[in-house]
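Please read the structure below before turning to the comments.
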């Protein structure tokens, strides 16, 4: 049986260049399936599957927010922390990141953006995060993200099932 070809995305190149350890986890992508699709296919807690969200403030300045798959971002709290009037999902995240929706990774983005990570992500021994294409996540230590992206921790997660 032929070995499955490894994916080489901008995110993978970025991580390899920085000698960060990760494990590849391809899965069957489902349009609008979200993090629960991967969690069900790999039988892992959705809390360990991290969303990469490209957001913009009222001036169009983009930021990346890394959030647990089972949580949402309190945009009101995030705006307060960042000292902006309002912030919300980018209308065109591909313009900033270079990645398609559903395949957005915080690594190897087209444009450098500040990265904000929900602080409780660091409590996890391992996370699953997008590897730069749809249907492709990477397992890694969340502390590596702090080092290589100079991420700042925030407390902006709210229950997604309110």
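What are the residues in the stretch 103-112 that are touching a helix residue (DSSP H, G or I) at 6+ places or on another chain (Cβ under 9 Å), over 12 Å from residue 63 (Cα atoms) and buried (at least 18 other Cβ atoms within 10 Å of the Cβ), if any?
Result: 104, 105, 107, 108.
Which one of these is out of contact with any helix residue (DSSP H, G or I) (no Cβ under 8 Å at 6 or more places or on another chain), touching a residue at least 60 places away in the same chain (Cβ under 8 Å), surrounded by 16 or more Cβ atoms within 10 Å (Cβ to Cβ) and within 19 Å of residue 31 (Cα to Cα): 136, 128?
136
Please indicate, with yes or no, whether at least one residue in the stretch 112-122 is part of a helix (DSSP H, G or I) and free of Cβ contacts under 8 Å to residues at least 40 places away in the same chain.
Scanning the stretch 112-122 turns up at least one residue that is part of a helix (DSSP H, G or I) and free of Cβ contacts under 8 Å to residues at least 40 places away in the same chain.
Name the residues in the stretch 10-38 that are free of Cβ contacts under 8 Å to residues at least 40 places away in the same chain and under 15 Å from residue 70 (Cβ atoms), would you?
33, 34, 35, 36, 37
Looking at the stretch 85-102, can you tell me whether even one residue there is in contact (Cβ under 8 Å) with a residue 40 or more places away in the chain and farther than 15 Å from residue 62 by Cα?
Looking for residues that are in contact (Cβ under 8 Å) with a residue 40 or more places away in the chain and farther than 15 Å from residue 62 by Cα, one finds at least one in the stretch 85-102, hence yes.
All of the numbers you see were taken from the coordinates with simple rules; none came from a lab. Quantities reported herein were computed from a predicted structural model and do not represent experimental measurements. Backbone-built Cβ (ideal geometry, glycine too); neighbour counts: all protein chains shown.
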